[in-house]
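Right, one structure below, let's go through it.
The values are calculated or read from the model by the stated rules, or taken from the named source; none is laboratory data. Please read all numbers here as calculations on a predicted model, not as lab measurements. Counting neighbours? That spans all protein chains shown, and the Cβs are built from the backbone with ideal geometry, glycine included. Calculation scope for accessible area: heavy atoms of the full protein, side chains included, ligands and nucleic acids excluded. Shrake-Rupley method; radii C 1.70, N 1.55, O 1.52, S 1.80 Å.
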Amino acid sequence: MPVRSAHEASDEGNTMTEQKTATLSFDGKTIELPILSPSVGPDVIDIRKLYAQGHVFTYDPGFTSTASCDSTITYIDGDEGVLLHRGYPIDQLASQSHYLEVCYLLMYGELPTAAQLEAFETTITRHTMIHEQMHNFFRGFRRDAHPMATMVGVVGAMSAFYHDSTDVNDQKQREIAAHRLIAKMPTIAAMAYKYSIGQPFVYPRNDLDYAANFLHMCFSVPAEKYNVDPILARAMDRIFTLHADHEQNASTSTVRLASSSGANPFACIAAGIACLWGPAHGGANQACLEMLKEIGTVDRIPEFIARAKDKNDPFRLMGFGHRVYKNMDPRATVMKESADEVLELLGVENNPLLQVAKELEHIALNDPYFIEKKLFPNVDFYSGIILEAMGFPTSMFTPIFALSRTVGWISQWKEQFADPQMKIGRPRQLYLGSTYRDYVDVENR
Ligand code: SDX
């Protein structure tokens with residue numbers, strides 16, 4: 001039984017149970033604000049009427065204490081290091097499910113029956129090719145363009161091609177847009193990679209599963225047969241699952257805000273890709289591996305730990321820390337196990353970068369600075385080590401994150417449109433600029 005969302009609870013809350021309220025008193029005023037309760041996690045204070053009643057705004061740069069919406073998709077307990085997708089824990093999904101089944105779960109709220117899963121996988125498989133004319137977009141980029149720049153451009157360009165799935169008020173068109181994005185993102189990411197290394201594009205194959213198809217499109221060449229290693233395909237699929245959705249993170253919030261104006265769905269996803277690119281967010285996997293390479297050997301770790309602690313040094317340990325997790329990111333735990341498995345399979349279990357990463361994790365987790373600030377490895381800490389061992393250049397790490405997170409963006413986007421109270425997102429501000437003043441002619445300045 002899907003949990004009623006908070007906005008429904010607030011409408012019915014007074015009839016079913018005594019409505020809890022928060023009392024705010026200032027400037028001789030007292031305002032009662034409803035408290036809404038979730039199915040799990042902290043209560044929220046509903047401040048929607050605060051400005052009308054108190055003529056004040058709340059102030060929360062970075063939204064550290066702000067719930068921007070209600071949702072039934074993903075729940076994170078940062079203190080306990082828990083991540084649930086529709087109630088199912090990420091470690092079980094990573095070990096027992098597979099990415100397209102997790103996509104179905106995120107989009108529709110329940111695990112599919114065998115028939116539902118087969119129909120969904122067939123639909124996705126049959127949408128993996130992109131419009132042939134879109135190939136021309138890649139040729140407009142320099143060969144050394146970052147693949148994330150290419151993905152922002154080409155995914156945005158989808159808004160100029162698929163006119164039969166851009167009416168966001170038509171549930172059927174939303175469904176088609178969702179399927180197209182999930183299906184075509186691996187093709188676009190693989191084409192961005194191929195273009196960057198001057199190799200020909202490889203078309204998707206319907207006889208391969210989602211992860212194997214992506215590896216095939218990235219690593220096969222017309223000159224010889226390429227067989228996807230099933231263990232690498234399984235590791236790839238698990239990486240997709242671990243990155244699928246993560247509540248109201250920066251890129252998901254970007255997609256929600258962009259789509260709140262009714263913008264073209266493909267353009268909104270392009271906005272999410274742009275936001276994910278930053279090194280504080282999805283770009284951290286590339287930055288983390290580059291940091292591990294810069295550290296190089298275990299004996300240089302203390303030097304970098306000292307820099308991370310130095311207030312005057314902007315350097316941060318990439319792959320560490322999280323806005324929500326103040327415990328181990330459960331995805332990092334699964335990723336670390338997968339790293340051991342993949343590197344052993346590839347015969348590189350003595351990978352010096354993995355040794356540096358494990359020693360860095362050990363040192364950091366025993367250092368008072370990191371303990372006090374609750375800085376643990378996050379999803380980006382180990383993923384780069386696996387991706388590099390699989391043959392991807394660091395520039396492809398964030399495109400793979402974007403490919404995986406597309407279903408999360410899409411699921412949150414669908415949920416937002418299903419919310420009868422959806423309105424355009426339009427925050428206010430604390431204005432600290434000049435008050436009213438008249439224009440002064442240049443000769444009098
Ligand atoms: C992702 O939101 C999501 O869910 C994101 C994500 C997802 O799946 O969508 O989980 C994916 O983006 C994971 C995070 C990847 N980013 C990195 O690994 C980059 C390195 N991490 C930091 O930039 C930072 O930890 C953030 C951006 C992840 C979180 O930053 P916050 O929540 O704004 O925390 P903060 O910057 O206020 O830091 C709190 C303190 C600060 O010290 P003080 O000012 O209190 O003295 O901790 C320090 C920071 O200086 N700190 C670090 C640090 N991260 C925070 N110090 C050294 N190294 C770090 N990595």
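See the values below:
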item	result
Ranked by how many other beta carbons lie within 10 Å on average, peptides 326-334, 170-178, 241-249 from highest	241-249, 326-334, 170-178
Computed Rg/Rh of the chain, alpha carbon atoms with Kirkwood Rh	1.00
Long-range amide H partners of PHE320 with built H, under 5 Å	ASN378
Inter-probe distance in nm under a simple model that places probes 7 Å from Cα toward Cβ, at GLU349 and TYR108	4.1
Degrees separating the helix 6-16 axis from the principal Cα axis of the chain, which is the longest one	50
Amide N of region 22-54 lying under 16 Å from the label point, which is placed 7 angstrom from the Cα of GLU80 along Cα→Cβ	38-43
Rounded FRET efficiency, nearest 0.05, which uses the C-beta distance separating GLU224 from GLN116 and R0 of 41 Å	0.60
On Cα atoms only, tilt of 397-418 relative to the major axis of the chain in degrees	40
Virtual spin-label span in nm between ARG139 and LYS172, 7 Å along Cα→Cβ	3.6
Per-peptide average of other Cβ atoms within 10 Å, ordering 335-341, 123-129, 50-56 highest first	335-341, 123-129, 50-56
Length gained when the stretch SER95-THR66 is fully extended (0.36 nm per residue, less Cα-Cα span)	7.2 nm
Sequence of ILE305, ILE197 when ordered by accessible area, the most exposed leading, probe 1.4 angstrom	ILE197, ILE305
In nm, spacing of pseudo-spin labels at LYS293 and HIS163 (7 Å Cα→C-beta vector)	4.5
Hydrodynamic radius (Kirkwood) for region 89-276, which is based on Cα pairs only, to one decimal in Å	17.4
Mean Cβ neighbour count within 10 Å, used as a protection proxy, ranking 351-364, 98-111, 23-36, 180-193 highest first	180-193, 98-111, 351-364, 23-36
Scaled radius of gyration (Cα, divided by 2.2 N^0.38 Å) that region 27-175 gives	1.49
0 to 90° range, to nearest 10: angle between helix 250-259 axis and the chain longest Cα axis	70
Inter-part distance where region 285-327 and region 247-261 are each reduced to a Cα centre, Å	28
Residue pairs, from the table LYS20/LYS423; LYS309/LYS414; LYS293/LYS373, whose Cα atoms sit over 32 Å apart	LYS309/LYS414
Principal semi-axes in Å for region 21-67 [√(5λ), Cα gyration tensor, largest first]	20, 14, 8
Two-decimal ratio, region 283-390, of alpha-carbon radius of gyration to 2.2 N^0.38 Å	1.01
Base-10 log of normalised Debye intensity for region 99-155 (one unit scatterer per alpha-carbon) at q = 0.23, 0.29 Å⁻¹	-0.85, -1.09
